[in-house]
Amino acid sequence: MNFSKFHRVLLGFGLLLFCAAGCGAAPAPITVPYTATPSAASLDDNPTTGAIARSTRQAQATATRQAAQVAEATQIADKAMQTAEAHADATATVVARATAQAIVAAKAAWPSRISESFKDNQLGWPLGLKQDHSLAVTSTIEAGGYHWLVKVVNGNSYFNLIPANGPRLTDFHAAVNVQFVQGNDDGQSAYGLAFRHVDDDYGFFGILKSGDFLALEVHHTGIYQSMGDRVPVIDTRPGHTNRLEVVGIGSDFVFLINGQQVGMMTAEIEPGQIGLGVDAARRADTAEVEFTDFEVHAP
């Protein structure tokens, strides 16, 4: 009886030690095998994978070289184009200047065809009122001048007054004095020479009170080309006179103000008469303008 109790106590103590040992032990670690990322060298060791890798690298290197070559070629081409354009512009400028000088020099040998002092009207200038829904011009000849009273009702309008007895010319040198007497203070109406005038086709060269000039090529009342700029040779002081000149040979026209060349235009305009004109950009109150010393020389 005493032995059995001792045996049970000993067995329970052993079980207690076994449980304590089992519960306190850490779980065994799980080992995961390591797989290294393949390097370029290891890929090359595989015949198939290495060949693909080398081909890819070679293709990328080739594409990079080709892109660099294309960029370099493009830069060279752009520079060559810029150089060529600069040379072309310089050559065109030299040719234009030489052409203008030759044209202006040629006029010196041409005889006078018209010398109008406006003491009478033998040349047959239009007189009185000429108007439409946009523009009204009242013209008179008095005191050695051709006087215009101009009222612009609507902008983008023009009138050319051509003498009935004026010659029809191809090559010519025309000149006239223009004086802004009063009005035209907005500076948007140009007055000057109309040349090679045939019906609704003509050329025009005039000045504005603002100090700008305007040159036009017109066909069927439509402006085919125009040029203009503010130039210091125009005397903008009130009441002062400016002399305008146009020299035309073939399709080339040179424009001068007070003896200084201000522009040149190439235009296909048929032979025609020479007169005076106004080109108005916008509505304006009545202005008074006077033309004097109208001259035409031609071969």
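The values are calculated or read from the model by the stated rules, or taken from the named source; none is laboratory data. Model, not experiment: these values are computed from the prediction. Cβ sites come from the backbone with ideal geometry, for glycine too, and all protein chains shown count toward neighbours.
One table, with the values for the structure above:
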{"read-out": "Selection from the range 196-217 of residues that are assigned to a strand (DSSP E or B), closer than 17 Å to Ala280 by Cβ and either out of contact with any strand residue (DSSP E or B) (no Cβ under 6 Å at 6 or more places or on another chain) or touching a residue at least 60 places away in the same chain (Cβ under 8 Å) (or both)", "value": "Tyr202, Phe204, Gly206, Leu214, Leu216"}
{"read-out": "So Gly250, is it more than 26 Å from Ala136 (Cα to Cα), of a type in the set (Gly, Ala, Ser), loosely packed, with under 15 Cβ neighbours inside 10 Å and in contact (Cβ under 8 Å) with a residue 24 or more places away in the chain", "value": "yes"}
{"read-out": "Odd one out for Val178, checked against (1) among the β-branched types (Val, Ile, Thr); (2) modelled with pLDDT under 95; (3) assigned to a strand (DSSP E or B)", "value": "(2)"}
{"read-out": "Filter result (over 16 Å from Pro299 (Cα atoms) and in a loop (DSSP other than H, G, I, E, B)) within the range 240-259", "value": "His240, Asn258, Gly259"}
{"read-out": "Residues being over 20 Å from Gln260 (Cα atoms) and either crowded, with 24+ Cβ neighbours inside 10 Å or out of contact with any strand residue (DSSP E or B) (no Cβ under 8 Å at 6 or more places or on another chain) (or both) - total across the range 186-195", "value": "1"}
{"read-out": "Verdict on Thr49 being more than 29 Å from Val247 (Cβ to Cβ), modelled with pLDDT of 60 or more, of a type in the set (Val, Ile, Thr) and out of contact with any helix residue (DSSP H, G or I) (no Cβ under 8 Å at 6 or more places or on another chain)", "value": "no"}
{"read-out": "Criterion: among the hydrophobic types (A, V, I, L, M, F, W, C) and within 22 Å of the chain's Cα centre (by Cα) - qualifying residue of Ile223, Ile234", "value": "Ile223"}
{"read-out": "Any hit, the range 215-226, residues being more than 18 Å from Asn160 (Cβ to Cβ) and surrounded by fewer than 16 Cβ atoms within 10 Å (Cβ to Cβ)", "value": "no"}
{"read-out": "Which listed residue, of Asp235, Asp279, is part of a loop (DSSP other than H, G, I, E, B) and either among the hydrophobic types (A, V, I, L, M, F, W, C) or modelled with pLDDT of 95 or more (or both)", "value": "Asp235"}
{"read-out": "Tally of residues being part of a strand (DSSP E or B) and under 35 Å from the mean Cα position of the chain (by Cα) across the range 132-147", "value": "3"}
